[in-house]
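To keep things clear, I will list the structure first and then write my remarks on it.
The values are calculated or read from the model by the stated rules, or taken from the named source; none is laboratory data. Just so it is clear, the structure is predicted and the values come from calculations on it, not from any experiment. Backbone-built Cβ (ideal geometry, glycine too); neighbour counts: all protein chains shown. Please note that ligands, DNA and RNA were not included when accessible areas were found on the heavy atoms of the full protein model with its side chains. Shrake-Rupley method; radii C 1.70, N 1.55, O 1.52, S 1.80 Å.
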Amino acid sequence: MIPSVATSSPALQPETQVALVDALVEQGWYVGRGAIDLELCGALNNELLQRAAYNGLDEAGIGRGQQHLLRKDIRGDAIHWLDRESAAQRRYLDAMSELQQALNQALFLGLFEYEAHFAHYPPGAFYQRHLDSFRGRANRVISTVGYLTPDWPSDGGGEMVIYHPDDPRQEVARVVPEAGTFACFLSETIPHEVLPTRCPRTSIAGWFRRNASLGGVLDPAR
């Protein structure tokens, strides 16, 4: 049974949109602790763990289409694309739709779609440093990560490391994957990685997309 979730409080804290837009303009990335409603995080986390327990996730790869490869030496998570099946998914995606409108109004980005998937990292899993946009096809413009795991231990590992856009060796932030934290960054320019985790790590990775159609053919989301 897919968990339900109450809607008494906003999915994203009201001040998040303003702080996020300002941070994207100033430095290209944003991290907000407590930005996502914890009740929503709990419902999403339960749904993801249920899928993981019943083999309802797919091994994540790198690239897409004919270039899609499974490379455990690069990326070790398992995923499930959000499809609005549950009330919790719908609430989260509706919040991202509101954020998309705010980003378009403030920054004139022309974002037209949002795609997202659950991500489950078992102990030992990681994701090497990378950029989120596909080379030559900059359809992913802004990346988001919503963290779902409650009570993350101080020695749990699994942090997302954000690097300077002009020096991919210079660390500028380290994000603890605790429930309620929301990160957002420019997909084309901000290198990042997920350090090896010592605990099961749950999150939602997402991307605001611009239409990168070629020859009148709509560019697919995945």
Q: Send over a whole-number figure in Å² for the accessible area per residue of the chain, probe 1.4 Å.
A: 49 Å²
**Q.** Sparse-neighbour loop sites [GluC sites (Glu not before Pro); region 78-118; at most 14 other C-beta within 10 Å; DSSP]
**A.** Glu85
Q. What is the distance, in nm, between label points placed 7 Å from the Cα along the Cα-to-Cβ direction at Ala53 and at Gln128?
A. 3.5 nm
Q: Determine how large the accessible area of Phe112 is when every protein chain is in place; take a 1.4 Å probe and give Å² rounded to the nearest 10.
A: 80 Å²
Q: Go through region 80-93 residue by residue and turn each phi into a ³J(HN,Hα) via Karplus (6.51, -1.76, 1.60, θ = phi - 60°); whole Hz please, and just put x for glycine and proline.
A: 8, 5, 5, 9, 6, 5, 10, 4, 5, 4, 4, 5, 5, 5
**Q.** Surrounding net charge for Pro14, when Lys and Arg each add one and Asp and Glu each subtract one, Cβ distance under 12 Å
**A.** -3
**Q.** Which labelled figure in [x] 14.4; [y] 12.3; [z] 15.6 is mean projected area of the Cα convex hull in nm², once derived from the coordinates
**A.** [y]
